[in-house]
Structures are given as structure tokens and as C-alpha cells.
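The values are calculated or read from the model by the stated rules, or taken from the named source; none is laboratory data. Predicted model, so just to flag it, every value in this text is computed and none were measured. So basically every Cβ, Gly included, is an ideal-geometry build from the backbone, and we count neighbours across all protein chains shown.
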Amino acid sequence: MKNIALFGGMRRLERHYKEEATRVGIRLDVFNSLGTRMAHRIRGVDAVAIFSCQVSHKLRKVVIRTAESEGVPVFFCNSCGICALRECLSRCLKN
């Protein structure tokens, strides 16, 4: 089972994001704000997905910088709906 960290998105859809990921065999951790120990959150994941329409510029920069330093691939989604998440997860699974 792959582990993917999702940054951004709508809080009201967080439960649906996790359900969709579980349906395709992915463990999804959803983060909506910039917190402490970002490297610790990213270190154990197989990939990082960013909903670029629903994330702050500062969070985006920190996540990208941290993921690159940890060697974790980063995938971007321009939308934050369930269908966009499906497409993003399928790209994550291909890698």
C-alpha cells in the first residue's frame, strides 16, 4: 500500500479524499495548513500531491523544497475535486 501526502484541498471533502484513496489502495494523509516538522511529515511518504488552487504560496514552496531534499516526487493538481484527486492518484501510482 502506497502512502501519499496531500497538501491543500477543501476541508469539507477531506473524508471523501481519504475514502477515494483507500478505494484504490492508497493511504492518504491530508494537510491543509503549514505546520511544524514538515520534513517529518514528508519523510515517510512515497509521493506528495498538491492541490495548487487551494494551497498558500508559502505552503507550496515549503512542501516542494522539503520533498526535493527528501527525494520524494511531487504531483500537482489544478483542481481540488474528487475527480482531480483520482487523476492525481493514478499518476502517483504509475511512478
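Is it the case, given these coordinates, that VAL48 is modelled with pLDDT of 85 or more and more than 10 Å from the chain's Cα centre (by Cα)? For VAL48, the condition - modelled with pLDDT of 85 or more and more than 10 Å from the chain's Cα centre (by Cα) - is not met.
Could you pull out the residue among LYS58, LYS2, LYS18 that is modelled with pLDDT of 90 or more and basic (Lys, Arg)? Break it down into steps so the answer makes sense when it comes.
On the way: LYS58 fails: modelled with pLDDT of 90 or more; LYS2 fails: modelled with pLDDT of 90 or more.
Just one listed residue meets the conditions, LYS18.
Any idea which of (1) loosely packed, with under 13 Cβ neighbours inside 10 Å; (2) within 14 Å of the chain's Cα centre (by Cα); (3) hydroxyl-bearing (Ser, Thr, Tyr) is the one TYR17 doesn't satisfy? That leaves (1) as the condition not met.
Yes/no matrix, rows are residues, columns are (1) modelled with pLDDT under 90; (2) loosely packed, with under 15 Cβ neighbours inside 10 Å; (3) of a type in the set (Ser, Thr, Tyr); (4) more than 11 Å from the chain's Cα centre (by Cα):
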{"position": "ARG23", "(1), (2), (3), (4)": "no, yes, no, yes"}
{"position": "PHE31", "(1), (2), (3), (4)": "yes, no, no, no"}
{"position": "GLY35", "(1), (2), (3), (4)": "yes, yes, no, yes"}
{"position": "ALA39", "(1), (2), (3), (4)": "yes, yes, no, yes"}
{"position": "GLN54", "(1), (2), (3), (4)": "yes, no, no, yes"}
{"position": "VAL63", "(1), (2), (3), (4)": "yes, no, no, no"}
{"position": "LEU89", "(1), (2), (3), (4)": "yes, no, no, no"}
